Amino acid sequence: MMQNQSNFQAAQAYRSASVAVPPLQAVIMLIDGAINFLHKSIKAAEEKKFEESHSHMIRATAILRGLSHNLNFDKCGAIAERLHTTYHALIMACLRSYGRPDSAPAYRRIIASLAAIRDAWIFVALQPAKAG
């Protein structure tokens, strides 16, 4: 039951953000949120605040789950499949890395991957709209 509630909250976070701002901007903001939570997780772990570190990591993965659950496979096909696979791999990397002695470098690699995805979305957002 807890997993269903978590999935619902992750999807709801995306929907709320995409209503408040254009969907592409919402994706960028949510990825930034995941990055920020991972930074907070690293800092909390360094301060030996392990429950807080775990909470931040879980919030980052919830954002990634929300992004993954809101992909449009019908419209975006292969790109949606690739993003789904990428988001899932990043979620699993976060979960596997938590509590390990090398979690900070692992989280930094995840953050770098998320930053690259975010930067790609920023590039897409800056492209002029095509006349339909």
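The values are calculated or read from the model by the stated rules, or taken from the named source; none is laboratory data. Treat the numbers as computed from the prediction; the structure is a model and nothing was measured. Cβ placement follows ideal geometry from the backbone for every residue including glycine, while neighbour counts extend to all protein chains displayed. Accessible surface areas use protein heavy atoms only, side chains included; no ligands, DNA or RNA. Shrake-Rupley method; radii C 1.70, N 1.55, O 1.52, S 1.80 Å.
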Failed item in (1) farther than 24 Å from Gln25 by Cα; (2) open to solvent by 80 Å² or more (accessible area, probe 1.4 Å); (3) touching a Phe, Trp or Tyr at 6+ places or on another chain (Cβ under 7 Å), with Pro101 passing the rest: (3)
Any pair with Cβ under 7 angstrom, 6 or more apart, that starts in region 14-29 at a residue that is modelled with pLDDT of 65 or more and ends at one that is in a loop (DSSP other than H, G, I, E, B): Met29/Val21
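Here's a check for you: in region 39-69, which residue that is of a type outside the set (D, E, K, R) and under 10 Å from the mean Cα position of the chain (by Cα) is nearest to Leu95 (Cα to Cα)?
Among them, the one singled out is Thr61.
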Selected residue (criterion: farthest from Leu114 (Cα to Cα)) from residues of region 52-82 that are surrounded by fewer than 19 Cβ atoms within 10 Å (Cβ to Cβ) and at pLDDT 95 or above: Glu52
Which listed residue, of Arg59, Arg100, Arg96, Arg82, is part of a loop (DSSP other than H, G, I, E, B), basic (Lys, Arg) and without any contact (Cβ under 8 Å) to a residue 40 or more places away in the chain: Arg100
Residue check, Lys48 open to solvent by 60 Å² or more (accessible area, probe 1.4 Å), out of contact with any Gly (no Cβ under 7 Å at 6 or more places or on another chain) and in a loop (DSSP other than H, G, I, E, B): yes
Exclusive hit being over 16 Å from the mean Cα position of the chain (by Cα) and closer than 18 Å to Lys40 by Cβ, set Gly99, Gly77: Gly99
